[in-house]
Each structure stands twice: as structure tokens, then as C-alpha cells.
1. Report whether or not F165 is free of Cβ contacts under 8 Å to residues at least 60 places away in the same chain, within 25 Å of M64 (Cβ to Cβ) and not in a helix (DSSP H, G or I).
2. Against the condition outside the structural domain of E59 (by TED's automatic domain parsing) and touching a Leu at 6+ places or on another chain (Cβ under 7 Å), how does K108 come out, does it pass?
3. Which of the residues belonging to the stretch 88-135 are of a type in the set (S, T, N, Q), in a helix (DSSP H, G or I) and either touching a residue at least 12 places away in the same chain (Cβ under 8 Å) or within 24 Å of G176 (Cα to Cα) (or both)?
4. When the stretch 173-189 is examined, which residues are found to be in a loop (DSSP other than H, G, I, E, B) and within 10 Å of I77 (Cα to Cα)?
5. Just one of N106, N68 is within 29 Å of Q130 (Cβ to Cβ), more than 16 Å from the chain's Cα centre (by Cα) and at pLDDT 90 or above; which is it?
6. Between a first residue in the stretch 68-85 that is part of a helix (DSSP H, G or I) and a second residue that is acidic (D, E), which pairs have beta carbons less than 8 Å apart while being 6 or more apart in sequence or on different chains?
7. Which of the residues spanning the stretch 116-128 are in contact with a helix residue (DSSP H, G or I) (Cβ under 9 Å, 6 or more places away or on another chain) and within 21 Å of V90 (Cβ to Cβ)?
Amino acid sequence: MVMSRGDSRTNDVQFLRRLESREMASDSGLSSLGVEGASAAAQALSLPADSYGNNPQLEVMWAMKAYNHAEVYFNLISSVDPKFLKLTKVDDTIYTSFREAFQDMNIKLIHPDLLKSAEAKEKWRPFCNQFENVIEDFNYGTLLRLDCERDYTEENTIFATRIQFFAIEIARNREGLNTPVFTSKTNKS
């Protein structure tokens, strides 16, 4: 089956909708798993995604983990000036390498093709792979905001690898692009 550029984003959005409806349907969410269930889920989530087929339960666990990460990150940049955040031990290396490889990339408002097109994937691959033994879970799925001045919403979210998330968000933080999120939240307080 040939997918258009929009189909990939549509699948991402549909997946998140399924996750949200399943979470709402469950009264107690992850807490209903108990200690053993949560431990098994954590172990399952620690394995690379390519170890699994298209198991819907595992897809939900992966999406929940990605959603929780996104929520924590947005709360962080909403409460601490992002210019002072350090996301990894190697932020300087990631930022320098990212800006060398993607010097003209508009990270304020990212077009999905900059991550998902065949040409983009070819350009991203060597960048991402250089962090394989540097960043834990460098190629795991993560949610990334397209417009850095907005929250995570269905229309403003795309799946990216963890290293893509780090590269773009470190750059946004250092270049002051996430500052409006922080100032808007602190001004409301």
C-alpha cells in the first residue's frame, strides 16, 4: 500500500485517539495493572519497538509512555525558563551536530515533511545514528510539537525519534523559541 505524506500523520493522530479513548474507558488506568503488571509493562517497554509485531496492547503502552513523556516535558518548559534546561549530558554535542546538519531548518514551526519525507529520512538517518551508543533509546518513538509556541494537541503533534526530539527541543530552548510557553504560563500565575 502506498501512503501519501498526510497518511502517516493521519495514522499517528488515529493512534493517539485510540489511546485516549482506551484511557478514558479505563477507570483506573495504569494503576489497575498492580505492581506485577506495571513491572511487566515496564520490562516490555524497555525493549526496542522492532521486537514486536503490531500488538494493539503494546501500541497503547508505547503511546502512553510517549504521551506521559510529552506531558512531563511540557510541564517542565512551562515552569522553568527553557534557556536554562539541560535535557541530556551531551546537549552541547547534540546541538552543535544538529545545527551543522540542519542549519536552515525552521524549528519554530516544523512541517511534517522535514521529518517524514523520504529525503528527510535520508538526511536524518546519519545524524540520528551517531547517537546510537550515546543516548539511551535514541530511536524510540516520542511526541514532538510542530509549533513550539503551542501545547501538545492532536493537530500540533507528530511522532519522532527520541534523538530528533532532543535535537529540536534543545535547539528551541537555546534559541529562545520555547520561552513564550514559559512566559505565558508564568504570567497567568
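1. no
2. When the stated conditions are applied, K108 passes them.
3. Listed by number, the residues that qualify are T93, T96, S97.
4. N178
5. N106
6. Filtered contacts from the stretch 68-85: Y73/E169; F74/D151.
7. Correct list: K123, W124, P126, F127, C128.
The values are calculated or read from the model by the stated rules, or taken from the named source; none is laboratory data. Nothing here was measured: the structure is a model prediction, and the numbers come from that model. Cβ sites come from the backbone with ideal geometry, for glycine too, and all protein chains shown count toward neighbours.
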